[in-house]
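First comes the structure, then the notes that go with it.
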Amino acid sequence: QFRVLGPDRPITAVMGEDVVLPCRLSPRLDAENMEVRWFRTRFSLYVHLYHSGQDHYSSQMPEYQERTEL
């Protein structure tokens, strides 16, 4: 059993600036073989997807293309 923990308040960013979307596993685990998916409202359209040890960009939301990394 583990939990994914994120920020306890909304994250805001200034347009054009970098922002970190923090998350962690509790207890502390290696996420290399897990799927990590950041999404806004629809699970299938994602901000960023990490799966099988690599980032996936094929169905990434267009407004985030070439702007994310894990």
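The values are calculated or read from the model by the stated rules, or taken from the named source; none is laboratory data. Worth saying up front: this structure is predicted, and the values here are computed from it rather than measured. Here the Cβ positions follow ideal geometry from the backbone for every residue, glycine too, while neighbour counts run over all protein chains shown.
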Against the condition at pLDDT below 90, within 13 Å of the chain's Cα centre (by Cα) and not charged (D, E, K, R), how does THR12 come out, does it pass? no
Residue among SER26, SER44 that is under 15 Å from VAL4 (Cα atoms) and either polar (S, T, N, Q) or touching a Ser or Thr at 6+ places or on another chain (Cβ under 6 Å) (or both): SER26
Have a look at ARG42, ARG28, ARG37 and point out the one that is at pLDDT 90 or above, in a loop (DSSP other than H, G, I, E, B) and either surrounded by 10 or more Cβ atoms within 10 Å (Cβ to Cβ) or among the basic types (Lys, Arg) (or both). ARG28
